[in-house]
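Below is one structure, written out as structure tokens, with a few remarks after it.
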Amino acid sequence: MTLLSVTDLTVTFDGFTAVDSASFTIEPGETLGVVGESGSGKSVTALSIMRLVEMGTRAKITRGRVELKMQDGSTLDLLGQDEPTMRSIRGNQIAMIFQEPLTSLNPVYPVGEQIAEAVRIHEGSDKKTSMARAREMFDLVRIPEADKRIGQYPHEMSGGMRQRVMIAIGLCCGPRLLIADEPTTALDVTIQAQILGLIKQLQVETGTAMMLITHDMGVIAEVADRVVVMSQSKIVEQGPVDQIFHSPREAYTRGLLSAVPKLGSMAGHDGPRPFNLAGDLA
Amino acid sequence: MTSQSNGQSPVVEVQGVSKQFPADHNARVHAVTDVSLHIDHGETLAVVGESGCGKSTLANLIIRLHDADQGRILLKGVDITDLKPREMRAHRQTLQIIFQDPFASLDPRVRVGASVAEPLRVHKVATKEEATDRVRHLFELVGLERSMLNNYPHQFSGGQRQRVCIARALALKPELVIADEAVSALDVSVQAQVMNLMLELQQEMGLSYLFISHDLAVVERIAHRVAVMYLGQIIELGSREQVFRDPRHSYTKRLLGAVPIADPRQRTERPLLTGEIPSPVWPAGEGPELVTYTEVEPGHQVADE
Ligand SMILES: Nc1ncnc2c1ncn2[C@@H]1O[C@H](COP(=O)(O)OP(=O)(O)OP(=O)(O)O)[C@@H](O)[C@H]1O
Ligand SMILES: Nc1ncnc2c1ncn2[C@@H]1O[C@H](COP(=O)(O)OP(=O)(O)OP(=O)(O)O)[C@@H](O)[C@H]1O
Ligand SMILES: [Mg+2]
Ligand SMILES: [Mg+2]
């Protein structure tokens with residue numbers, strides 16, 4: 001039973017096609033990795049599913065369907081829904097962790113408030129319960145001393161802490177689908193492992209599916225079940241993670257994989273060394 | 001830790017710098033504690049470490065966005081510790097920064113082409129035509145289409161915006177660039193292109209970099225020396241070879257051991273961490289113990305555990 005089915009999605013900005021006929025599906029509990037060129041339409045695809053792409057921009061979804069399987073077994077095409085319906089979907093069914101945390105957190109509210117508010121909207125719980133839940137989330141995403149941090153404002157946190165606050169907001173509502181757009185770019189590898197483990201745990205416990213957009217091929221290799229590869233507004237290849245890494249069909253995918261810098265590549269070299277450009281090996 | 005390899009002052013020298021911020025309940029965040037380091041002409045010093053360990057604060061101290069509580073900062077031998085922000089402007093041609101958050105560092109109402117050209121105009125280093133030419137050229141070098149020069153910041157993807165900031169920092173041909181997670185939103189191909197550009201500029205013009213990054217494979221590739229920070233202090237500092245081939249501090253080892261491998265056939269199970277989370281927050285009047293170092297090899301300093 002497919003959870004989300006995107007068919008022929010096409011999005012334009014003033015005549016420029018940012019996403020061109022994208023089709024893919026996400027199964028319950030599955031992690032779909034989305035990789036590819038910077039500017040190829042990954043975030044626009046995610047924002048289109050959330051129906052946030054047209055807000056305050058000249059974007060137009062010109063074609064396609066985004067079908068979400070509801071709990072009662074019915075199917076809803078999100079592209080045909082009005083804003084109130086979408087708002088309830090965003091709170092309860094699909095959560096999104098945005099690429100740039102500083103711009104999506106409210107600068108004038110303490111971070112603890114912002115997590116608690118998400119909990120309140122979702123669970124209808126009172127102030128005390130939701131603040132306790134926010135504190136718990138701080139511990140889970142490894143932000144120390146919740147009591148002394150919970151009243152801080154976004155600008156008082158490090159880049160990676162802000163990112164973890166966003167993740168806490170995304171996770172606290174127990175969504176059926178989590179869309180995570182570059183969620184770990186500001187995290188060191190030890191905390192990144194913790195966050196990915198936390199999401200995995202949630203997936204096992206509640207069957208949450210994840211669409212994970214990232215440039216980090218190590219992260220994809222570690223957590224994705226299937227992978228979608230985008231280049232120049234199009235999906236150029238998709239398949240199981242092992243197939244994408246070990247028998248990629250498209251030249252673009254091969255170039256991308258060959259450009260991944262590997263730890264240990266400098267043994268025996270002194271001084272910095274230029275990178276292989278994709279295509280060098282092609 | 002001063003070095004004067006070629007008789008010149010280091011491009012930047014940080015001497016025993018500390019910075020605290022207030023937190024709730026009368027507590028203080030000890031963001032940076034007694035950090036000393038220097039960067040030579042043409043050198044890349046990478047700073048790595050746990051999220052929240054003080055890397056961006058260190059960068060902000062060097063550009064004088066924050067006042068240091070303690071310590072001195074020297075730019076090409078000149079003490080800039082007490083300069084007013086206005087007086088710092090004179091040093092913008094020496095020192096440029098690429099902030100961790102690209103969106104927040106671009107003016108939403110200014111077309112990006114103008115944003116990149118602005119420093120050139122302010123510093124009168126180029127005529128209007130020269131500035132336009134140079135900006136176009138830089139856009140090309142970081143892989144952005146010329147037509148995008150007229151766009152506003154919100155019309156870009158995350159990685160495109162990051163490249164605008166890189167172009168802006170390089171436009172003035174500075175001597176030191178502080179790059180705070182500057183390539184984290186780029187796919188590996190574009191990242192390779194941008195990093196190669198940065199390496200070329202270093203070769204040609206002796207540019208120095210303070211390169212803050214969580215991507216250890218990139219750091220290994222481009223750093224001359226590496227500083228590892230933990231809870232506001234440097235816990236290991238050495239040449240790239242020393243730190244990557246022979247890490248001594250337990251945190252450095254843990255960090256290098258946690259790098260995911262880009263091969264789904266080599267997945268590793270990592271148990272979730274629970275219990276006490278190390279913290280730089282201290283009650284007023286208290287603070288962390290200062291680390292002491294042992295020089296295990298020439299140039300390789302390791303905090304005693
Ligand atoms: N508001 C907007 N107005 C005009 N063009 C836009 C807007 N938002 C995005 N675009 C364009 O749409 C294309 C796709 O952008 P998108 O943000 O989806 O890229 P991305 O794949 O997420 O890239 P990155 O990896 O750099 O984040 C880009 O060329 C971008 O310039
Ligand atoms: N303006 C501020 N007010 C209060 N606390 C601050 C402020 N700026 C930074 N801090 C605190 O200082 C500490 C160090 O933050 P910093 O941004 O330097 O970390 P970082 O190493 O850059 O982390 P990341 O890798 O997550 O970006 C954090 O605990 C942070 O909350
Ligand atoms: Mg994006
Ligand atoms: Mg930072």
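The values are calculated or read from the model by the stated rules, or taken from the named source; none is laboratory data. The model shown is predicted, which means the values in this text are computed figures rather than measured ones. Here Cβ is always computed from backbone atoms with ideal geometry, including for glycine, and neighbour counts include all displayed protein chains.
Every condition in (1) farther than 24 Å from B:Ile235 by Cα; (2) in a loop (DSSP other than H, G, I, E, B); (3) more than 16 Å from ligand 4 (Cβ to nearest atom) holds for B:Ser115 except the one numbered (2). For the stretch B:173-197, filtering for residues that are under 23 Å from B:Leu256 (Cβ atoms), more than 16 Å from ligand 2 (Cβ to nearest atom) and out of contact with any Ser or Thr (no Cβ under 6 Å at 6 or more places or on another chain) leaves 4.
Report those strands (runs of 3 or more DSSP E) wholly inside the stretch A:4-95 carrying at least 3 residues which are more than 16 Å from ligand 4 (Cβ to nearest atom) and either more than 14 Å from chain B (Cβ to nearest Cβ) or touching a His at 6+ places or on another chain (Cβ under 6 Å) (or both).
Working: elements: A:4-13, A:16-26, A:31-36, A:59-69, A:75-77.
Of the strands (runs of 3 or more DSSP E) lying wholly inside the stretch A:4-95, those with at least 3 residues that are more than 16 Å from ligand 4 (Cβ to nearest atom) and either more than 14 Å from chain B (Cβ to nearest Cβ) or touching a His at 6+ places or on another chain (Cβ under 6 Å) (or both) span A:4-13, A:16-26, A:59-69, A:75-77.
Scanning the stretch B:253-305 for residues that are at the interface with chain A (Cβ under 7 Å from one of its Cβ atoms) and β-branched (Val, Ile, Thr) gives B:Val259, B:Ile261, B:Ile277, B:Val281. Checked across the stretch B:218-237, the condition of being over 20 Å from the mean Cα position of the chain (by Cα), more than 30 Å from B:His41 (Cβ to Cβ) and in contact (Cβ under 8 Å) with a residue 40 or more places away in the chain holds for no residue. No other residue among B:Val116, B:Val125, B:Val110 is over 29 Å from A:Gly159 (Cβ atoms), more than 16 Å from ligand 3 (Cβ to nearest atom) and away from every other protein chain (no Cβ under 14 Å) apart from B:Val125. Among residues of the stretch B:133-192 being acidic (Asp, Glu) and surrounded by fewer than 20 Cβ atoms within 10 Å (Cβ to Cβ), the one that is farthest from the other protein chains (Cβ to nearest Cβ) is B:Asp133.
Would it be correct to say that A:Glu205 is out of contact with any strand residue (DSSP E or B) (no Cβ under 7 Å at 6 or more places or on another chain), within 29 Å of B:Val188 (Cα to Cα) and assigned to a helix (DSSP H, G or I)? Against the criterion (out of contact with any strand residue (DSSP E or B) (no Cβ under 7 Å at 6 or more places or on another chain), within 29 Å of B:Val188 (Cα to Cα) and assigned to a helix (DSSP H, G or I)), A:Glu205 does not qualify. The set of residues from the stretch A:41-59 being charged (D, E, K, R), at pLDDT below 95 and near ligand 1 (Cβ under 8 Å from one of its atoms) comprises just one member, A:Arg58. The residues of the stretch B:152-166 that are within 17 Å of A:Thr185 (Cα to Cα), free of Cβ contacts under 8 Å to residues at least 40 places away in the same chain and near ligand 1 (Cβ under 6 Å from one of its atoms), listed by number, are B:Ser157, B:Gly159, B:Gln160.
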